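Inspection log for the structure reproduced underneath, given as structure tokens.
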Amino acid sequence: MPRTEIRWHGRGGQGAVTAAIIVAQAAIFEGKYAQAYPEFGAERRGAPVCAYSRVSDEPIYTRAPITKPDVVVVLDPTLSKDIYMKGLKSGGLLLINTKKSVDEVKKMVGRDDIKVATVDATSIALQTLGAPIVNTAMVGALVKVLPIVKLESVEKAISENFSGRIAEANIQAVRKAYESVVW
Amino acid sequence: MSMGEELPKYFEIPIAGTILEPGNTVKIPTGEWRAFRPIIDKEKCVRCLLCWAYCPDGAIIIVDQPYKTASGREYKFSVEIDYYHCKGCGICAQECPVKAIQMVEEVK
Amino acid sequence: MTEVKWKRLPLNSNYAVAYAVKDCDVDVVAAYPITPQTTVVEKISEFIANGELDAEMIHVESEHSALSAVVGAAAVGARVFTATASQGLELMHEILHIASGLRLPVVMTIAARALSAPISIWCDYGDVMNTRDTSWITLIASSAQEVYDTVIQAFKIAEDPRVLLPVMVAYDGYLMSHTYEPVYVAEDPTPIREFVPKNPKSRIVLDPEKPVTMGPIARPEWYYEIKYQQVEAMKRAYDVVKEVDAEFGKRFGRSYGVIETYKLEDADVAVLTYGGIFGTLREAIDAMRSSGLKVGGIRLRLFRPFPYREIVDAVKHLKLLIVADRAISYGARIAGPVAMEIMSVLYRESEKPEVMSVAVGIGQRTVTEQDFVELVKLGLKFLEEKRVPNETIYWGVRGVTYG
């Protein structure tokens, strides 16, 4: 597998950083190489935040921020597309939390050289977690569209980060999003 | 620049200048610094030992020597000064409640 | 010797520190939280709380107190640890000299962070470089794995009777402290503890049964000799650092050297830097090599004692050495602290490259592969035109252009 660079966009409190970490953890559990880090700053609930994951079969050395991502994951559809579309590679993937259709999103972002996937992660999160924390649902959707890591590895990573009922609810969110993502 | 040829070389000094021999300051004749010498009047002294408590150098010595004053008062011990270490600071004289310690100029 | 079994975990460098501290069975930890170091101590607290580490955690009101507390604990023979960054390291500064002057084997990690003012919580090495003359052995790691391994090595180096100096292990704040990556940690700490056995009897400690006075006043006829002992200890540390790293490699299969080189053998030009961005440099070198440029890389892993022998050997065949420093010595003509060091080391060498000093990543200004490509391009242009600047290039600062 060549190196996959993922940029996560959300707002403080939605768990974008944790999502980036879960993907890297899952990859590392599988023996792959991975890196995950937040865009560092004074994090505040509601403010736009950004996080990065890199996954590869080969060691990763660079610590430069990802400016030309293969994948952009948008946790909050109200974010400006000018922020999250920046640098997305031609042939890359945009995965977005929205009730809109794939075609509507394509039209909205004005790019026909990329793959678009949509999932209604907010509804899934409200159903499973009872709160609009969409990060784990977005991870579930991502690994369906782009199987860089296995679903089981994601579930293992979630069990490392959460415990008991919260872990179970998050695993439910992952599975539901895995089933319902469209592209 | 060169100082004290007779002093130990760097590798002869314990690490970090640590002093391995405890209590070695008793060897230093700090009594030589004294300008005024405390003299205890054994007649006036009531053996309260405030001087002993206040002395910053532990230079007040309790001597196992009974003493009877002219007025007939009997003490089981006496108080003396360790002149080898006493720096003559005068704290004992200042603190003595019965003014039994006089500071007398040293004549050398 | 117990055979080591590794588990591969996703850890950031802060957590890698905590695992190493646990595996070395540290006795006393005192620290004060400061971004981006905080999670080091949080994780250690967790290990103590869940019984994985039997240590005393002393809660203090400042970094000055944190280092003072571990200095006291080290003086009675405990294995001690603390961690800080930036202003916290500055507040410790006075005690940095006490720890080394008392020859106490304190181990401390630094999640390197820029200094105020203005306030920056982001990475550069201004804090670490400010401790240059404090007589601390200073190692700089470039991956979370190396952080784990180096903290273990640090205890062995510090406590070696030939050394008895404190050791600082630094790594990039955020760029490493908060970046998750795969790290092999020991499944069972026994082999690690065998590698760094505790032996407080091998040094003078405070003991009521055998009283000593530590840190007495030293008059002019004594002070100089006692400080010269530190000069000698640093010289010995140079060998001990290498010896411990080699022994670690033999025992556990990973070693790093005091400098690391990358594609240097046939290079005409090389970039030297330190910390996490060496990884970025590596990838830039791969890209430049594929376009035919003979470029190599050098990473400084040991800053104090300065590994002059390895540096001289590594660079003598080069035409140009670009030293990318992550700190500024204000008012110096060559203002990169490591560039300064390298130029002084090369002064008496007959075979030596031109040296170009560059400041990069100040206050975590982004450093990408492209930055290194452009820097090499600029350096080669200067070299060709025989005008390699005699002062530091402030790479990427708005309002100044070079060329």
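Things to note:
- Flag if C:D325 is within 25 Å of the chain's Cα centre (by Cα) and surrounded by fewer than 16 Cβ atoms within 10 Å (Cβ to Cβ): no
- Check on B:P8, under 30 Å from C:V163 (Cβ atoms) and loosely packed, with under 14 Cβ neighbours inside 10 Å: yes
- Of all residue pairs spaced 6 or more apart or on separate chains, those with beta-carbon atoms under 6 Å, a first member in the stretch A:50-75 that is farther than 11 Å from A:T4 by Cβ and a second member that is polar (S, T, N, Q) and surrounded by 20 or more Cβ atoms within 10 Å (Cβ to Cβ) are A:T62/C:T280; A:R63/C:T280; A:A64/C:T280; A:L75/A:Q14; A:L75/A:N97.
- Considering the stretch C:1-97, the qualifying strands (runs of 3 or more DSSP E), each wholly inside and each with 1 or more residues that are under 20 Å from the mean Cα position of the chain (by Cα), run over C:6-11, C:28-31, C:80-84.
- A:Y37 being at the interface with another protein chain (Cβ under 10 Å from one of its Cβ atoms) and either crowded, with 19+ Cβ neighbours inside 10 Å or in contact with a His (Cβ under 6 Å, 6 or more places away or on another chain) (or both): yes
- Which listed residue, of C:A55, C:A74, is hydrophobic (A, V, I, L, M, F, W, C) and out of contact with any Asp or Glu (no Cβ under 9 Å at 6 or more places or on another chain): C:A74
- Among the residues of the stretch A:21-28, none qualifies, meaning not one is in a loop (DSSP other than H, G, I, E, B) and more than 14 Å from the chain's Cα centre (by Cα).
- Evaluation of C:P211 against (1) more than 23 Å from the chain's Cα centre (by Cα); (2) closer than 30 Å to A:R54 by Cβ; (3) at the interface with another protein chain (Cβ under 10 Å from one of its Cβ atoms) (one fails), failing number: (2)
- Selection status of C:M108, under 16 Å from C:N14 (Cβ atoms) and aliphatic (A, V, I, L, M): yes
- Members of the stretch C:100-142 that are among the small types (G, A, S) and in contact (Cβ under 8 Å) with a residue 60 or more places away in the chain: C:S100, C:G101, C:A111, C:A112, C:A114, C:S120, C:G126, C:S135, C:A141, C:S142
- Residue-level analysis places C:Y262 among those that are within 14 Å of chain A (Cβ to nearest Cβ) and farther than 30 Å from C:E232 by Cα.
- For the stretch C:62-76, the condition of being closer than 29 Å to C:V212 by Cα, touching a residue at least 60 places away in the same chain (Cβ under 8 Å) and within 14 Å of another protein chain (Cβ to nearest Cβ) holds for at least one residue.
- Check on B:E106, farther than 30 Å from C:M214 by Cβ, modelled with pLDDT under 95 and touching a Lys or Arg at 6+ places or on another chain (Cβ under 7 Å): yes
- Any hit, the stretch C:171-193, residues being surrounded by fewer than 19 Cβ atoms within 10 Å (Cβ to Cβ), in contact with a helix residue (DSSP H, G or I) (Cβ under 7 Å, 6 or more places away or on another chain), more than 10 Å from chain B (Cβ to nearest Cβ) and part of a loop (DSSP other than H, G, I, E, B): no
- If the condition is being assigned to a helix (DSSP H, G or I) and over 18 Å from C:G72 (Cβ atoms), then the stretch C:194-213 contributes C:E194, C:F195, C:K201, C:S202.
- Any hit, the stretch B:12-32, residues being touching a helix residue (DSSP H, G or I) at 6+ places or on another chain (Cβ under 6 Å), over 30 Å from C:M234 (Cα atoms) and of a type in the set (V, I, T): no
- Options A:K106, A:K89, A:K100; residue that is touching a strand residue (DSSP E or B) at 6+ places or on another chain (Cβ under 8 Å) and part of a loop (DSSP other than H, G, I, E, B): A:K100
- Looking at C:E221, C:E232, C:E194, C:E146, just one residue is of a type in the set (D, E), over 17 Å from the mean Cα position of the chain (by Cα) and closer than 24 Å to C:Y19 by Cα, and that residue is C:E194.
- Number of residues in the stretch C:214-230 that are surrounded by 12 or more Cβ atoms within 10 Å (Cβ to Cβ) and either more than 7 Å from chain B (Cβ to nearest Cβ) or part of a loop (DSSP other than H, G, I, E, B) (or both) equals 8.
- Number of the exception - C:I121 against (1) crowded, with 24+ Cβ neighbours inside 10 Å; (2) in a loop (DSSP other than H, G, I, E, B); (3) aliphatic (A, V, I, L, M): (1)
Here is a yes/no grid of residues against (1) of a type outside the set (A, V, I, L, M); (2) farther than 21 Å from A:M1 by Cα; (3) out of contact with any His (no Cβ under 9 Å at 6 or more places or on another chain):
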| residue | (1), (2), (3) |
| --- | --- |
| A:G87 | yes, yes, yes |
| A:L93 | no, no, yes |
| A:K106 | yes, yes, yes |
| A:L126 | no, yes, yes |
| A:F162 | yes, yes, yes |
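- Residue within the stretch C:234-242 that is at the interface with chain B (Cβ under 9 Å from one of its Cβ atoms) and out of contact with any strand residue (DSSP E or B) (no Cβ under 9 Å at 6 or more places or on another chain) present: no
- Residue that is nearest to C:E146 (Cα to Cα), among those in the stretch C:271-292 that are free of Cβ contacts under 8 Å to residues at least 60 places away in the same chain and more than 8 Å from every other protein chain (Cβ to nearest Cβ): C:D286
The values are calculated or read from the model by the stated rules, or taken from the named source; none is laboratory data. The structure presented is a predicted model; accordingly, all values stated were derived computationally and were not measured. Glycine also receives a Cβ, built like all others from the backbone with ideal geometry; neighbour counts cover every protein chain displayed.
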